[in-house]
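Engineer: First, the structure itself, so that you have it in front of you.
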Amino acid sequence: MLSGGDDGVPDGIGMARLAWTRLPTADAEGAGPSTSAAAAGDELFSAAAVESLDYEVIENYAYREEQAQRSKFWVPYYVMLKWLFSLLIGVGTGLAAIFINLAVENFSGWKYTATFAIIKHSYFVGFFVYTIFNLALVFSSVYIVTNFAPAAAGSGIPEIKGYLNGVDTHGILLFRTLVGKIFGSIGSVGGGLALGKEGPLVHTGACIASLLGQGGSAEYHLSSRWVRIFESDRDRRDLVTCGCAAGVAAAFRAPVGGVLFALEEVTSWWRSHLMWRVFFTSAVVAVVVRSAMNWCNSGKCGHFGAGGFIIWDISGGQEDYSYQELFPMAIIGVIGGLLGALFNQLTLYITKWRRTYLHKKGKRVQIFEACLISLVTSTISFVLPLLRKCSPCPQLETNSGIECPHPPGTDGNFVNFYCSKDKEYNDLATIFFNTQDDAIRNLFSAKTFHEYSAQSLITFLVMFYSLAVVTFGTAVPAGQFVPGIMIGSTYGRLVGMFVVKYYKKLNIEEGTYALLGAASFLGGSMRMTVSLCVIMVEITNNLKLLPLIMLVLLVSKAVGDFFNEGLYEEQARLRGIPLLDSRPKQVMRNMNAKDACKNQKVVCLPRVSRVIDIVSVLRTNKHNGFPVVDRGQNGESLVIGLILRSHLLVLLQAKVDFQNSPFPCGPGVLNRHNFSDFVKPASSKGKSIDDIHLTEDELGLYLDLAPFLNPSPYIVPEDMSLAKVYNLFRQLGLRHIFVVPRPSRVVGLITRKDLLLEEDGNTAMAELQSTSVRF
C-alpha cells in the first residue's frame with residue numbers, strides 16, 4: 001500500500017518533484033522555449049483518423065494498488081494465458097486460412113469447369129458465363145467492404161504495421177473487419193482480380209489475435225469476461241504480432257518465414273520471449289494447415305487441388321549452377337528493382353488520385369469501379385488467349401506426371417483452349433485459365449522447356465502488370481504477394497529462356513529463373529530480404545537455390561531503394577499513418593529536443609482543477625496528454641505528472657471523484673477505481689467529450705488529478721539531440737516525452753549493478769547481486 005505525501009500525494013509524485021525542475025505555466029509563458037512535447041504529439045494525426053497507442057505503463061495509484069493486491073500465482077497464470085492465447089491464435093488463423101482457400105478453390109473450380117463445358121458449344125456463351133461469375137464474386141466482395149467493413153479494404157499490412165509501430169487506425173481490428181476480410185477475400189480472389197489473399201490473411205490473423213485479447217466482440221455480444229485479461233496496449237501488441245506471423249505462416253505454409261516477417265517487416269519492438277510465442281503460434285498454424293491438407297487429399301474438399309495452399313515444389317528442378325549464370329541472375333535482380341519501384345510509384349499515384357477524386361463520390365462509385373475492373377480483367381483473360389495460336393504438345397518424360405493437354409476444368413500445365421486439334425495447347429490460356437497459385441506452379445515447373453513462347457510471356461507480363469497496378473487500391477481486400485510472384489516469375493522465365501538458348505546447357509531450368517524473378521520483384525517492391533528469402537525457400541522446397549535468392553534480393557532491394565521506399569511504407573504515408581523508421585533522419589542529429597517543440601503551446605492543468613475548466617480544455621484541444629502542475633512550498637510551479645485525455649473522460653463520466661473543496665483530497669478516497677476502468681476499448685474509438693453530459697452544479701465542482709496521473713513519465717533535457725530523443729521514443733514505444741530545462745540537482749546515479757536485483761523468497765525484498773564488475 002502506498003502512503004501519501006505531505007498533502008495527500010502518492011510517493012511517486014513526491015519523488016517526481018525532487019527530480020524535475022521548474023516549468024513555466026502556459027498562462028505566463030505561452031509557447032516559450034521551455035515547453036513540453038507531451039501534449040502536441042497526437043494533434044498531427046487527427047485528420048487521418050489515427051491515434052497513438054499507450055505502450056508505456058501508467059503507474060498511477062490505481063495501477064499500484066492492483067499490483068500490490070495480486071497474489072504470487074498471478075505471474076504463472078499470466079504467462080500460461082499468453083501461451084494459451086498463442087495456441088488459440090494459431091488455430092483460429094489456420095482455420096480461417098483453410099476456409100478462405102477452400103472457398104476460393106471451389107469457386108474457381110466451378111467457374112472453370114462450367115466455362116470449359118460451355119465453350120465446347122459456344123465461346124460467346126462461355127465468355128458471358130465466365131464474366132458473370134467473376135462479376136458476381138467481385139460485387140459481393142466490394143459490397144461487403146463498402147457497406148459493412150470499410151477497414152477491410154486493401155491488404156491491411158500498412159495499418160497493422162502502423163499499429164505495431166504505435167499508431168492505431170480506427171476500425172482495423174474490429175469483428176466486422178475480420179468478417180469483411182474473410183468473405184471479401186473470397187470474392188475478390190475467386191473473382192479473378194489481379195490480387196492475392198496473402199496480405200489479407202496477415203490482417204485476418206491480427207484481427208483474430210486482437211479479438212481474443214479483448215475477450216471477443218462486445219458490439220455483437222460475443223464476449224467473455226474470463227479471457228479479458230490482456231487489457232493494455234502492450235499485451236495487445238504482442239498478441240497482434242503473433243497474429244501477423246500466423247497469417248504469413250498460413251498463407252505460404254512457411255512458419256519460419258512468418259516469424260521473420262513479423263520481425264523484419266511489421267513489428268517495431270521485439271524481445272526473446274515474444275519470439276518464442278510467435279514461433280509457437282506459427283508452428284501451430286503449420287500443423288493445422290497440414291492436417292487440413294491431409295484431410296482434403298481424400299477428395300472431401302471438392303475442387304480443392306494442389307494449388308489450394310501455396311507450395312511450389314521445385315526440388316526436382318535445376319540441381320546446380322555455374323558462375324556464368326550469375327550475370328543473368330543479377331540482371332533479374334536489376335529488372336526486379338526497376339519494375340518494383342515503378343509499381344510502387346504507379347500505385348501511389350493512382351491510389352492518391354482514386355482517394356482524392358473517385359472514392360469521395362460515395363459507395364456506388366466504389367462498387368462501380370470494382371465491377372468495371374472485373375469486367376476488364378475477365379475480358380482480357382478470355383479474349384487474349386483466343387488471339388493466340390495453339391502449339392503442338394511437346395514430348396514429355398513418361399514419369400514427369402505432366403499431361404498434355406490436361407483435362408478441361410482442372411489445374412495443370414498445357415491448357416487446351418480454342419485449339420483445332422486434341423494434342424495442342426494454348427500457352428497464354430495456361431497462365432490465364434488457372435488460379436494464380438496454379439499459374440505460378442506452371443511457370444515454376446521444371447522439365448517443361450518451350451512450354452511458353454516469349455511473345456505470350458511478354459503479353460501476359462504487360463497486361464497483368466497493368467491490371468495489378470490499377471486493381472491495387474480498389475475497395476476490396478487485396479494482397480500483393482501472389483501478383484508480385486506472378487509478375488516476377490513471368491520475366492524471370494523470359495530471362496531463363498534466353499539463358500537456355502544461348503548457354504545451351506542441359507542442366508539449366510527455366511523454372512529456376514522464374515523463381516528468381518519472383519523473388520526479385522517482391523524484393524524490389526516490398527523491400528524485404530531475410531523473411532522473403534526464407535519464405536521463398538520454404539514454398540519451393542529447394543534449399544540449393546538459397547544463395548541465388550539472396551543475390552537477387554540484395555540487388556533488387558538496392559536498386560529499388562535508389563528510387564523510392566517500399567510498398568507498405570508508401571501506402572502507410574498515403575493513408576496518413578505516421579510510421580517511425582528504425583533510424584532517425586540525418587537532419588535530426590543537428591537539432592535538439594527544444595527545436596522540435598518550440599512552436600507548440602503547452603496546455604497544462606492544475607492538480608485540483610474545476611470540472612468546467614477540464615471540459616473547456618478537452619473541447620478546445622485535441623491533445624491526448626496534458627502535464628499536471630502543482631504549487632511548491634515557495635509558490636513556484638512544479639510539474640507532477642501527465643494525465644491522458646482518455647483518463648479525464650473516464651473521470652468525468654464516472655463523476656464519483658468530484659469534490660466541493662479546491663484542496664487536494666486525502667489518500668483514503670483513492671480506491672474508487674480499478675486499473676481496468678482506464679483501459680482503452682479495443683474498438684479504437686473510446687469515449688468522447690461530446691458523449692458526457694454534466695449539470696451546472698457538477699461543472700462547478702473540483703477534481704483532484706493526482707491519484708490518476710502518471711507520476712513518472714519520460715523526460716529529456718531541452719538540449720538533448722533530437723536523434724537521441726527519436727531513438728528513445730521509438731525503442732520504448734512511447735506516446736509522450738516531456739522536454740524540460742536542464743535539471744539543477746542530482747538525487748542519485750543508477751549504474752548496471754543497481755538494476756541487478758535478486759528477490760528473496762522469504763522476505764520478498766530485493767537485494768543486489770554480488771558482482772566484480774567496476775561501474
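Engineer: Restricting to segment 111-129, name every residue that is under 11 Å from S378 (Cβ atoms) and either aliphatic (A, V, I, L, M) or open to solvent by 10 Å² or more (accessible area, probe 1.4 Å) (or both).
Structural biologist: F127, F128, V129
Engineer: Cβ-Cβ under 6 Å, sequence separation 6+ or interchain: first residue in segment 456-470 and free of Cβ contacts under 8 Å to residues at least 24 places away in the same chain and within 16 Å of L443 (Cα to Cα), partner open to solvent by less than 20 Å² (accessible area, probe 1.4 Å) and in a helix (DSSP H, G or I). Which pairs?
Structural biologist: none
Engineer: Next question. Residues that are at pLDDT 95 or above, among the basic types (K, R) and more than 20 Å from T281 (Cβ to Cβ), at least 2 per element: which helices (runs of 4 or more DSSP H) completely within segment 147-258 meet that?
Structural biologist: In segment 147-258, no matching helices (runs of 4 or more DSSP H) lie anywhere.
Engineer: A further question follows. Checking F729 against (1) open to solvent by 30 Å² or more (accessible area, probe 1.4 Å); (2) at pLDDT 85 or above; (3) assigned to a loop (DSSP other than H, G, I, E, B): exactly one of these is not met. Which one?
Structural biologist: Every listed condition holds for F729 apart from (3).
Engineer: Ok, one more. Just to verify a result, which residue in segment 546-577, among those that are among the polar types (S, T, N, Q) and assigned to a helix (DSSP H, G or I), is farthest from M528 (Cα to Cα)?
Structural biologist: Let us first name the residues in segment 546-577 that are among the polar types (S, T, N, Q), namely 556, 564, 571.
If we keep only those that are assigned to a helix (DSSP H, G or I) as well, we get 556, 571.
On the way: S556: 10, Q571: 15 Å.
It comes out as Q571.
Engineer: Just the residues that are closer than 22 Å to D235 by Cβ, under 13 Å from the mean Cα position of the chain (by Cα) and either open to solvent by 30 Å² or more (accessible area, probe 1.4 Å) or not small (G, A, S) (or both), please, taken from segment 247-267.
Structural biologist: Answer for segment 247-267, where residues must be closer than 22 Å to D235 by Cβ, under 13 Å from the mean Cα position of the chain (by Cα) and either open to solvent by 30 Å² or more (accessible area, probe 1.4 Å) or not small (G, A, S) (or both): V248, F261, L263, E265, V266, T267.
Engineer: Return the residue satisfying two criteria in turn: it lies in segment 605-658 and is among the basic types (K, R), under 20 Å from H673 (Cα atoms) and touching an Asp or Glu at 6+ places or on another chain (Cβ under 8 Å), and of such residues it is most open to solvent (accessible area, probe 1.4 Å).
Structural biologist: Among residues in segment 605-658 that are among the basic types (K, R), under 20 Å from H673 (Cα atoms) and touching an Asp or Glu at 6+ places or on another chain (Cβ under 8 Å), the one most open to solvent (accessible area, probe 1.4 Å) is K655.
Engineer: Also, quick follow-up: Out of the residues in segment 429-449 that are of a type in the set (A, V, I, L, M, F, W, C) and at pLDDT 80 or above, state the one that is farthest from V495 (Cα to Cα).
Structural biologist: First, pick out the residues of segment 429-449 that are of a type in the set (A, V, I, L, M, F, W, C): 429, 431-433, 439-440, 443-444, 446, 449.
Checking the rest, the ones that are also at pLDDT 80 or above come to 429, 431-433, 439-440, 443-444.
Details: A429: 21, I431: 17, F432: 20, F433: 23, A439: 18, I440: 16, L443: 12, F444: 13 Å.
Applying the filter and picking the extreme gives F433.
Engineer: What residue, among those in segment 740-773 that are open to solvent by 80 Å² or more (accessible area, probe 1.4 Å) and under 30 Å from D595 (Cα atoms), is modelled with the lowest pLDDT?
Structural biologist: Top of the filtered list is S744.
Engineer: Quick one: in segment 339-392, of everything that is closer than 13 Å to L135 by Cα and among the hydrophobic types (A, V, I, L, M, F, W, C), which residue is surrounded by the most Cβ atoms within 10 Å (Cβ to Cβ)?
Structural biologist: Within segment 339-392, the match that is surrounded by the most Cβ atoms within 10 Å (Cβ to Cβ) is A370.
Engineer: May I ask you to list the residues in segment 75-110 that are without any contact (Cβ under 8 Å) to a residue 24 or more places away in the chain and open to solvent by less than 70 Å² (accessible area, probe 1.4 Å)?
Structural biologist: Residues satisfying the conditions are V79, L84.
Engineer: Next question, about the same structure. Would segment 57-71 turn up any residue that is in contact with a Ser or Thr (Cβ under 6 Å, 6 or more places away or on another chain), open to solvent by less than 20 Å² (accessible area, probe 1.4 Å) and either modelled with pLDDT of 50 or more or farther than 30 Å from A283 by Cα (or both)?
Structural biologist: The answer is no; no qualifying residue exists.
Engineer: Confirm whether M486 is open to solvent by 10 Å² or more (accessible area, probe 1.4 Å), aliphatic (A, V, I, L, M) and touching a helix residue (DSSP H, G or I) at 6+ places or on another chain (Cβ under 8 Å). Spell out the reasoning first.
Structural biologist: Working: open to solvent by 10 Å² or more (accessible area, probe 1.4 Å): no; aliphatic (A, V, I, L, M): yes; touching a helix residue (DSSP H, G or I) at 6+ places or on another chain (Cβ under 8 Å): yes.
For M486, the condition - open to solvent by 10 Å² or more (accessible area, probe 1.4 Å), aliphatic (A, V, I, L, M) and touching a helix residue (DSSP H, G or I) at 6+ places or on another chain (Cβ under 8 Å) - is not met.
Conditions tested, residue by residue: (1) open to solvent by less than 10 Å² (accessible area, probe 1.4 Å); (2) farther than 24 Å from A429 by Cβ; (3) in contact with a helix residue (DSSP H, G or I) (Cβ under 9 Å, 6 or more places away or on another chain).
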residue	(1), (2), (3)
V462	no, no, no
F472	no, yes, yes
G492	yes, no, yes
F498	no, no, yes
G523	yes, yes, yes
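The values are calculated or read from the model by the stated rules, or taken from the named source; none is laboratory data. Here the structure is a predicted model, which is why all the values come from computation and not from measurement. Positions of Cβ are generated from backbone atoms using ideal geometry, with glycine treated the same way; all protein chains shown enter the neighbour counts. The accessibility values were calculated without ligands, DNA or RNA, using every heavy atom of the protein model including side chains. Shrake-Rupley method; radii C 1.70, N 1.55, O 1.52, S 1.80 Å.
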